[in-house]
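K.L.:
Pasting a structure here, questions to come.
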Amino acid sequence: MANYEFLLVDSPAEGVRKITLNRPEKRNAISTPLRKELLAALQESDTAEDVKVSIVCGAGPCFSSGYDLSGNLMAEAPRYSAPGDGEWSRQVTESWLSLWDLAKPVIAQIHGYALAGATELAAACDLVYVASDAQIGHPVVRVLSPPDFNYHPWLVGFRAAMEMMLTGNSIDGEEAARVGFANRAYPPEQLDEKVLEVACQIAKIPADLLQINKRSVHRGMEIMGVRNVIRAMSDYQALAGNLDSVQAFKESALENIKKVVDRPAAAD
């Protein structure tokens, strides 16, 4: 098992690997180095004979506050993207789509809050379990753009997607499970135990069969166009960057973007 600077990796049960985002002092903000390590760790798990399923969670008070806007997110990005408008949104979308192409299932375990880019990471996982009091949302739609990896219509449906996209408000864990963003919500003190129970159930299934079972669901979604539509939606993120209101915001208040993303979700 490789050593990582921004992740903690352990095996809490047979066949289960737990990957913990480990920047608690930064609320596990997803920097490019962290994203590269996460993708590498998941790929390593995919080829490890002793791993059947991976859990992705966060250290400290939350899952993640989203992308780390304090650094250059395109510096040494993990995937190549053709330059020009949409370069960022295309490469980050392809990064998250790569989780769908893994042979082994990936579970997102959300506590505290998951905002902006953190919701994109969670949406790319195969299963999502949340604390009932978790706060989940994409507040940057208020000032900057729709998500890079725009999962909303596919996971939560038309009405809930519209409300989330037009308000930027967060939803709690119970609501996330009700509308379909998450599989289930659990009391915060039970989340670790309950997620591990699910992971252990999955780990009892032979890895070769798991791969077929996972792929059968993704292929069905792809036949319905989900992958093409999400790729097309990344163009809207790029388009938003050219809007007059967004340009004005960037010029006058770029330093406030991080404050918007990191604002306690309970304030919504």
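K.L.:
Give me the residue from segment 117-160 that is modelled with pLDDT of 95 or more and of a type in the set (D, E, K, R) and, out of that set, surrounded by the most Cβ atoms within 10 Å (Cβ to Cβ).
P.N.:
The residue in question is 120.
K.L.:
Are any of the residues in segment 118-125 hydrophobic (A, V, I, L, M, F, W, C), in contact with a Ser or Thr (Cβ under 6 Å, 6 or more places away or on another chain), closer than 28 Å to residue 13 by Cβ and in contact (Cβ under 8 Å) with a residue 12 or more places away in the chain?
P.N.:
Taking segment 118-125 first, the residues hydrophobic (A, V, I, L, M, F, W, C) are 118, 121-125.
So of that shortlist, the ones also in contact with a Ser or Thr (Cβ under 6 Å, 6 or more places away or on another chain) come out as 118.
Next, only the ones that are closer than 28 Å to residue 13 by Cβ stay: 118.
Then drop every residue that is not in contact (Cβ under 8 Å) with a residue 12 or more places away in the chain, which leaves 118.
Looking through segment 118-125, at least one residue is hydrophobic (A, V, I, L, M, F, W, C), in contact with a Ser or Thr (Cβ under 6 Å, 6 or more places away or on another chain), closer than 28 Å to residue 13 by Cβ and in contact (Cβ under 8 Å) with a residue 12 or more places away in the chain.
K.L.:
Additional query: Could you say whether any residue in segment 242-264 is at pLDDT 85 or above, in a helix (DSSP H, G or I), over 21 Å from residue 92 (Cα atoms) and touching a Pro at 6+ places or on another chain (Cβ under 7 Å)?
P.N.:
Looking for residues that are at pLDDT 85 or above, in a helix (DSSP H, G or I), over 21 Å from residue 92 (Cα atoms) and touching a Pro at 6+ places or on another chain (Cβ under 7 Å), one finds none in segment 242-264, hence no.
K.L.:
On to the next question. Just one of 196, 144 is more than 15 Å from the chain's Cα centre (by Cα) and either in a helix (DSSP H, G or I) or among the small types (Gly, Ala, Ser) (or both); which is it? Spell out the reasoning first.
P.N.:
Working: 144 fails: either in a helix (DSSP H, G or I) or among the small types (Gly, Ala, Ser) (or both).
That would be 196, the only listed residue that is more than 15 Å from the chain's Cα centre (by Cα) and either in a helix (DSSP H, G or I) or among the small types (Gly, Ala, Ser) (or both).
K.L.:
So which of 64, 89 is buried (at least 21 other Cβ atoms within 10 Å of the Cβ), of a type in the set (S, T, N, Q) and touching a strand residue (DSSP E or B) at 6+ places or on another chain (Cβ under 7 Å)?
P.N.:
Numbers: 89 fails: touching a strand residue (DSSP E or B) at 6+ places or on another chain (Cβ under 7 Å).
Exactly one of 64, 89 is buried (at least 21 other Cβ atoms within 10 Å of the Cβ), of a type in the set (S, T, N, Q) and touching a strand residue (DSSP E or B) at 6+ places or on another chain (Cβ under 7 Å), namely 64.
K.L.:
Can you confirm whether segment 68-85 contains a residue that is free of Cβ contacts under 8 Å to residues at least 12 places away in the same chain and either surrounded by 20 or more Cβ atoms within 10 Å (Cβ to Cβ) or of a type in the set (A, V, I, L, M) (or both)?
P.N.:
At the first step, the residues of segment 68-85 found to be free of Cβ contacts under 8 Å to residues at least 12 places away in the same chain are 80, 82-84.
Narrowing further to those that are either surrounded by 20 or more Cβ atoms within 10 Å (Cβ to Cβ) or of a type in the set (A, V, I, L, M) (or both): 82.
Looking through segment 68-85, at least one residue is free of Cβ contacts under 8 Å to residues at least 12 places away in the same chain and either surrounded by 20 or more Cβ atoms within 10 Å (Cβ to Cβ) or of a type in the set (A, V, I, L, M) (or both).
K.L.:
Do the conditions hold for residue 185, that is, is it buried (at least 18 other Cβ atoms within 10 Å of the Cβ), at negative phi, free of Cβ contacts under 8 Å to residues at least 24 places away in the same chain and among the aliphatic types (A, V, I, L, M)? Break it down into steps so the answer makes sense when it comes.
P.N.:
Numbers: buried (at least 18 other Cβ atoms within 10 Å of the Cβ): yes; at negative phi: yes; free of Cβ contacts under 8 Å to residues at least 24 places away in the same chain: no; among the aliphatic types (A, V, I, L, M): yes.
When the stated conditions are applied, residue 185 does not pass them.
K.L.:
For the structure I just gave you, tell me whether residue 102 is assigned to a loop (DSSP other than H, G, I, E, B), crowded, with 17+ Cβ neighbours inside 10 Å and either modelled with pLDDT of 95 or more or on the phi < 0 side of the Ramachandran plot (or both). It would help to see each step written out before you state the result.
P.N.:
Values: assigned to a loop (DSSP other than H, G, I, E, B): yes; crowded, with 17+ Cβ neighbours inside 10 Å: yes; either modelled with pLDDT of 95 or more or on the phi < 0 side of the Ramachandran plot (or both): yes.
Criteria met by residue 102.
K.L.:
Here are some conditions: (1) under 27 Å from residue 233 (Cβ atoms); (2) within 19 Å of the chain's Cα centre (by Cα). Residue 75 meets all but one. Which one does it not meet?
P.N.:
With respect to (1) under 27 Å from residue 233 (Cβ atoms); (2) within 19 Å of the chain's Cα centre (by Cα), residue 75 is out only on (2).
The values are calculated or read from the model by the stated rules, or taken from the named source; none is laboratory data. Values in this document were obtained by computation on a predicted structure and should not be read as measured data. Every residue, glycine as well, gets a Cβ built from its backbone with ideal geometry; the counts of neighbours run over all protein chains shown.
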